[in-house]
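Written out below as structure tokens is the structure these notes cover.
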4 protein chains.
Amino acid sequence: MLADIRDASLRTRGLERIAWARRSMPVLNAIAGELDLTGRTVGLVLVLEPKTANLALTLRDAGADVIVTCPASETADDVAAALVSEGVAVLARSDASPERDRDSALRMLREGLDVLADDGSRVVRLAHAENLLGGLIGAAEETTSGLRPLRVMADRGELRIPVLAVNDARSKYLFDNVHGTGQSCVMAALDLTGLQLAGAVCVVAGYGYVGQGVARYARALGARVVVTEVEPFAALRAHHEGYEVRPLLDACPDADLVFSATGVAHTVTREHLRAMRPGAVVAVAGGVPDEVEAGDVPAGVTVLAEGECVNCAAAEGNPIEIMDLSLAVQALAVDHLVRRGSTMAPAVHLLPEELDERVARLKLRALGIGLDTPSARQREFLGRGL
Amino acid sequence: MLADIRDASLRTRGLERIAWARRSMPVLNAIAGELDLTGRTVGLVLVLEPKTANLALTLRDAGADVIVTCPASETADDVAAALVSEGVAVLARSDASPERDRDSALRMLREGLDVLADDGSRVVRLAHAENLLGGLIGAAEETTSGLRPLRVMADRGELRIPVLAVNDARSKYLFDNVHGTGQSCVMAALDLTGLQLAGAVCVVAGYGYVGQGVARYARALGARVVVTEVEPFAALRAHHEGYEVRPLLDACPDADLVFSATGVAHTVTREHLRAMRPGAVVAVAGGVPDEVEAGDVPAGVTVLAEGECVNCAAAEGNPIEIMDLSLAVQALAVDHLVRRGSTMAPAVHLLPEELDERVARLKLRALGIGLDTPSARQREFLGRGL
Amino acid sequence: MLADIRDASLRTRGLERIAWARRSMPVLNAIAGELDLTGRTVGLVLVLEPKTANLALTLRDAGADVIVTCPASETADDVAAALVSEGVAVLARSDASPERDRDSALRMLREGLDVLADDGSRVVRLAHAENLLGGLIGAAEETTSGLRPLRVMADRGELRIPVLAVNDARSKYLFDNVHGTGQSCVMAALDLTGLQLAGAVCVVAGYGYVGQGVARYARALGARVVVTEVEPFAALRAHHEGYEVRPLLDACPDADLVFSATGVAHTVTREHLRAMRPGAVVAVAGGVPDEVEAGDVPAGVTVLAEGECVNCAAAEGNPIEIMDLSLAVQALAVDHLVRRGSTMAPAVHLLPEELDERVARLKLRALGIGLDTPSARQREFLGRGL
Amino acid sequence: MLADIRDASLRTRGLERIAWARRSMPVLNAIAGELDLTGRTVGLVLVLEPKTANLALTLRDAGADVIVTCPASETADDVAAALVSEGVAVLARSDASPERDRDSALRMLREGLDVLADDGSRVVRLAHAENLLGGLIGAAEETTSGLRPLRVMADRGELRIPVLAVNDARSKYLFDNVHGTGQSCVMAALDLTGLQLAGAVCVVAGYGYVGQGVARYARALGARVVVTEVEPFAALRAHHEGYEVRPLLDACPDADLVFSATGVAHTVTREHLRAMRPGAVVAVAGGVPDEVEAGDVPAGVTVLAEGECVNCAAAEGNPIEIMDLSLAVQALAVDHLVRRGSTMAPAVHLLPEELDERVARLKLRALGIGLDTPSARQREFLGRGL
């Protein structure tokens, strides 16, 4: 079995942490018994921590040979050791150079994957560039920013495999992007700085799902939140939800804390950084490379986590219950690709609605939440339109 | 000129109220100069109050002959008088019987309309049923519940004119349904009852745009809010936003106040009403006929406004600034139908995106809110997908 | 029986409204049976509406001869008629001149009161000035601004009767001032103007109990709230609770809506009014005469209710459940004065703690809320300090 | 100079962290120049981390010989090393046994202190018990739970020195207890567990300043909060602020997370722990020993930080800006004791109002917040009471 990890002796701590997370993952537990991946090889690219490790174990339990890779900055060595001890191939260590990270991805691809679950579409694009698609049936991609280049590739006719847009499942983006990233990025920024938000001015660039979550949690913790936007409807929504809306450059001099939540490079430029006052702190929520131009930061301004996503690089990512939903979607996406991928066109596809809804219903059941059911009279009303 | 109003002497008070509202309608003011309806006859069906009266005046200023009808329960006689004094035909009086209301709609149709702006699609359907479409180019419809039967008619091939779904413009539903109806229904219920929400249990049936708004404002005023839903994603969203989610029948015994916000008939049935405790109050937000089965209410339970939409029947509808957006969309829809309606298929159409966005941008300008513009590097990033 | 009311035929409507309010007044109901005012004459000064009418009826049921006065602007004629039909003497009509209002107060005093429950201390001061104290045992006063001059009188040795500071009972100010006045003033301002708060800038002058309530409800309804203060701790609290804090003159140009909540005359001066933009609206929450200098308002700026307390003058005062607490305190204060007033010094006294707590416990019982009880070990811990 | 620390080589990291915190401590910076402690010996007992280290340095800069002690569980060794390198005596190491901690406190007392700034009143009580008061002028105590036994001692005539109740300064408790402890305890609990609050049921035992802060932040992060209380007014306030209020034992079966915020021993007993469901988590906010009976926890229930205050034991205490206020109060209290302590009775004293207000005004100045000033007419109004 492939293994390139830092310290196998850390496995006990890793196993404990994986088990703690598992306690709060009822949805992944519920679907585990329904998957059949016997004899398949599945590549997983993910932030390697206790919650995501449970996805690897679930796929292994379903019969798959699982290979995991993860960049050095997002690897928990104890979790890597634990997975190896459980029979999962892992090529991930916190002391790897960028070159070694790339080599690990190439090694994984050369093993001959049936399905790839990617994070940021880095490995899907590498497989295309290096001609290492082999017998790959398809891939699942779980981030907004990873899907964007794949859609451009599809538009240009360059995408050669079907891709399931895990990010666009409602079970994922309605909860992971708003509540998961919102809560965890705000908290990671406070942890890193020791500062408080009560009374602080917090600027949030971008009012998409992630930005909405960050703005909501920042305000909830007492900040006065200023939103910046390029899109008029998003700007108006922010205004009606009680936020001040201004251009970013105009807001920078007042900011105690700036979150970039656009997923677009060059959002916070040198010009913006220079407009901030001493003591200002900048963080990226979600994030793509160069979202903050962190190369030349003025004295007195602090860019957290060197401009990488603050909750992944500096904390342990999203809350467990949220990841339970996202990882369940990813597991179902892998299963769906194994069963149906060979019939799917090389394009970006949505997850079938019934799988998405199954995740939501399992979560409701785990929470003990009951729904109403339309009565016969109501179905009749809806059928004739009134 | 057609006129059937209650008391022409009320016009002064009506004109004052119309002018007060106009002060807070910058968007309608801004587009007024751009419309050209010379020589056209436009029928308007609306809740007749000072804000909507400004739509009638705007269309008249654009050159149209305008005919207004409104059911008795939603007619402000002073506003009707004011419109007539300003040269708008009005068939609406607060003392009309249902038969007289219907006759007024028929009289309006027989005048030979070019375009009809409807509310609840009552008159569009009447025109189909009575074969009074005549030379009608098309209609605009502004409510969720009015569009539903028109879509069923379109599916069955029975719709004979193009309909613009004003309700589905983002400038309308993102603000009118959430903030307008949310704020005004909660406030109307408190005004009518003299009760407070701090510490009360408020049950909200339905977590669509209207229900989200009602739940948000009720919680903001201190209520503990319980949401009921039939749809799993909506239920999960409510749960993650901190609301308790339960079946309606289960929640009724705890409720101080129940809002029905489903837009579906028979939501609050006799069985639900009987499960409530003495002192409970029921209100409809948005609403369709029979949404609450108000015919046989148990002693001790109060159904506000006889089960009609509480903010229309018992107060003066939505806040001015919100109506400014919705009425501007409606004015642009009327103008679009005049210019393009004859080329449109007999179906339910969305408002062209550029008109919708124009309304949003005019509102931002009125608010003095500046947007950012993507830089050249950002446009390049977006173009290649990363 | 004394009676000077406008229209006795309105009594049926008044009785209905009084009964509706009574449904939500469990605390007043609970103490009603415990009072004994047989043979006493009690003067009541209050905003005459259905809730306060229940205090008059409760005192009558306890055996008192009750005489009610109320200024014209705060009198509901139907309620006045209803009280007379129930055997309560009422000198209050909505068409009275200020002179007639004053005469009514003098007539009441000349009847020979045992106890007076005052509102704003207008009649207590009148009784001192006109030498009409007679056999008055003592008075209860329920407002912050009414107590202030009485305390100055006490300091100067000019107060000749004991006064119970009903306002300073925790059952009153913790709920009435924050939640009652907060909710009702914000709602009255929105009702009067038809405006919305989502996205509006709302300036609140004063961050005492009333100002805190107004700020909280305004923010809850979507406003961006700016607080102005003269006191440093109050300013810091507002800042930590996420409000912007600025001097009033500096904030005026940004304001859509200004609430004065200081209870101090000359808070919003001509200079402030001139600094506001056209369309700005000013309202008083709580309030004393001349709190807003409403005599010379610039064009384009609107002062609601001519600068009187917006929820009393333009709506029906506080929510029922809140008034239930305040009126119960007042009833107990009247009873306490009858039993103990002759032994109390001519000074401003707090309500005895046990009466205040009794009201709170009755409210909890009505709500079905259970408290914990310290265990033996906890009492021991508290007894030795750890 | 006295020193018992773990590793002097950690000083560089400690100095960096102390300097980072100092950037956000404008109030302590502002008063630093005004203190004069030349030739005095000051004992400090505190959670030893970068923020509190700045108090030690400030007192040293004012001329004092400073001796610091701290229990092992609350000692950051790098900060201890940094202070020693800066000339502060430190007896605190993270590997000390409870006996060694006690010995360190005794060593400090035997040095002959002029003033003692205590935390939890452990050392003040030790000094009384061991007859080591010597020439101690007085002590400052900064916690609610530390003051309680001192007040009992004072009542019994056993307190032999004046104590300044730093905790009872408004600059301290209005911000530290509500916002500091509220935010930091909620965040520490989420960090430790990886869980989220959106949709969770969070029970808060005690609705004093700390409990109010915990409840507010938990709800802000999406939890449904249940409050438990023994005191009727606190229970009613919680109810009116929208929280469910129930007895603790009744609430335990529904809880995902329980915070004890009473500061009273035996609040969460074995009986309560057994009533919780598997997966429940318990944390102490603020806290005294045995507040949670953590000795015999049922399987499936987790007590964080072994029942010690979760934000001190498992995170780095309160936000910097909040500590800036509290530490400034403490510095002024030490200075006041040096100047006036010998004239003060052996009792628990409040900090003089003017010192408290000075801290608040310095904070406002640092924030750039302007206050209004009452006009001549307003002062006249207030002087005559209306």
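Kindly establish whether C:A366 is in contact (Cβ under 8 Å) with a residue 12 or more places away in the chain and either of a type in the set (A, V, I, L, M) or more than 17 Å from C:A165 (Cβ to Cβ) (or both). The answer is yes for C:A366. Within region A:101-114, the set of residues being touching a residue at least 40 places away in the same chain (Cβ under 8 Å) and at negative phi comprises A:S104, A:A105, A:R107, A:M108, A:L109, A:E111, A:L113, A:D114. Listed conditions (1) closer than 27 Å to B:A238 by Cα; (2) outside any helix (DSSP H, G or I) are all met by D:L164, apart from (1). Of all residues in region C:33-60, those satisfying the criterion of being more than 14 Å from chain B (Cβ to nearest Cβ), under 22 Å from the mean Cα position of the chain (by Cα) and in contact (Cβ under 8 Å) with a residue 40 or more places away in the chain are C:V42, C:G43, C:L44, C:V45, C:L46, C:L48, C:L55, C:T58, C:L59. In the set (1) open to solvent by less than 20 Å² (accessible area, probe 1.4 Å); (2) among the hydrophobic types (A, V, I, L, M, F, W, C); (3) outside any loop (DSSP other than H, G, I, E, B), B:A265 fails one condition alone, (3). Counted as qualifying within region B:313-386 are the helices (runs of 4 or more DSSP H) with 2 or more residues that are within 13 Å of another protein chain (Cβ to nearest Cβ), more than 26 Å from B:A188 (Cβ to Cβ) and open to solvent by less than 10 Å² (accessible area, probe 1.4 Å), namely B:353-367. Scan A:R23, A:R60 and give me the residue that is of a type in the set (K, R) and under 13 Å from A:D335 (Cα atoms). Just one listed residue meets the conditions, A:R60.
Among the residues of region B:15-28, which ones are within 14 Å of another protein chain (Cβ to nearest Cβ) and crowded, with 19+ Cβ neighbours inside 10 Å? Show your work before the answer.
Within region B:15-28, the subset within 14 Å of another protein chain (Cβ to nearest Cβ) is B:16-27.
Within region B:15-28, B:R17, B:I18, B:A21, B:R22, B:S24, B:M25, B:V27 qualify.
Against the condition assigned to a loop (DSSP other than H, G, I, E, B) and of a type in the set (S, T, N, Q), how does C:S145 come out, does it pass? Spelling it out, it is not the case that C:S145 is assigned to a loop (DSSP other than H, G, I, E, B) and of a type in the set (S, T, N, Q). Of all the numbered requirements in (1) in the same structural domain as C:V79 (by the TED database); (2) over 16 Å from the mean Cα position of the chain (by Cα), C:M323 misses one, and that requirement is (2).
For region A:183-198, state whether one or more residues are touching a residue at least 24 places away in the same chain (Cβ under 8 Å), assigned to a loop (DSSP other than H, G, I, E, B) and either among the small types (G, A, S) or more than 7 Å from every other protein chain (Cβ to nearest Cβ) (or both). Scanning region A:183-198, I find at least one residue that is touching a residue at least 24 places away in the same chain (Cβ under 8 Å), assigned to a loop (DSSP other than H, G, I, E, B) and either among the small types (G, A, S) or more than 7 Å from every other protein chain (Cβ to nearest Cβ) (or both), so the answer is yes. Take the residues of region D:242-259 that are among the hydrophobic types (A, V, I, L, M, F, W, C) and out of contact with any Cys (no Cβ under 9 Å at 6 or more places or on another chain): which is farthest from the other protein chains (Cβ to nearest Cβ)? Among those residues, the one meeting the criterion is D:C252.
For region C:156-182, the candidate set comprises residues that are touching an Asp or Glu at 6+ places or on another chain (Cβ under 8 Å) and within 12 Å of another protein chain (Cβ to nearest Cβ); within that set, the residue that is nearest to C:V338 (Cα to Cα) is C:A169.
Per this entry, B:L174 is counted among residues that are surrounded by fewer than 24 Cβ atoms within 10 Å (Cβ to Cβ), touching a helix residue (DSSP H, G or I) at 6+ places or on another chain (Cβ under 9 Å) and either assigned to a loop (DSSP other than H, G, I, E, B) or not hydroxyl-bearing (S, T, Y) (or both).
Of the set (1) in contact with a Leu (Cβ under 6 Å, 6 or more places away or on another chain); (2) surrounded by fewer than 23 Cβ atoms within 10 Å (Cβ to Cβ); (3) under 23 Å from C:V42 (Cβ atoms), all apply to C:L192 but (3). Restricted to region B:199-229, and to residues there that are among the hydroxyl-bearing types (S, T, Y) and assigned to a helix (DSSP H, G or I), the residue that is farthest from the other protein chains (Cβ to nearest Cβ) is B:Y209.
For region C:287-302, a residue qualifies if it is buried (at least 21 other Cβ atoms within 10 Å of the Cβ) and touching a Phe, Trp or Tyr at 6+ places or on another chain (Cβ under 9 Å), and exactly one does: C:V288. Restricting the first member to region D:202-221 and to residues that are surrounded by fewer than 24 Cβ atoms within 10 Å (Cβ to Cβ), and the second to residues that are not in a helix (DSSP H, G or I), the beta-carbon pairs closer than 6 Å and six or more apart or on different chains are D:R219/D:V225.
Determine whether D:P278 is open to solvent by 10 Å² or more (accessible area, probe 1.4 Å) and within 14 Å of chain A (Cβ to nearest Cβ). I'd like the intermediate steps shown before the answer.
On the way: open to solvent by 10 Å² or more (accessible area, probe 1.4 Å): yes; within 14 Å of chain A (Cβ to nearest Cβ): yes.
Yes; evaluated as a whole, the condition is true for this residue.
Of the listed requirements (1) open to solvent by less than 40 Å² (accessible area, probe 1.4 Å); (2) part of a loop (DSSP other than H, G, I, E, B), D:A305 misses just one: (2).
The values are calculated or read from the model by the stated rules, or taken from the named source; none is laboratory data. In this text the structure is predicted, and so the values were computed from the model without any measurement. Using ideal geometry, Cβ is built from the backbone for each residue, glycine included, and neighbour counts are taken over all protein chains shown. Side chains are part of the model used for accessible areas, which takes the heavy atoms of the whole protein and leaves out ligands, DNA and RNA. Shrake-Rupley method; radii C 1.70, N 1.55, O 1.52, S 1.80 Å.
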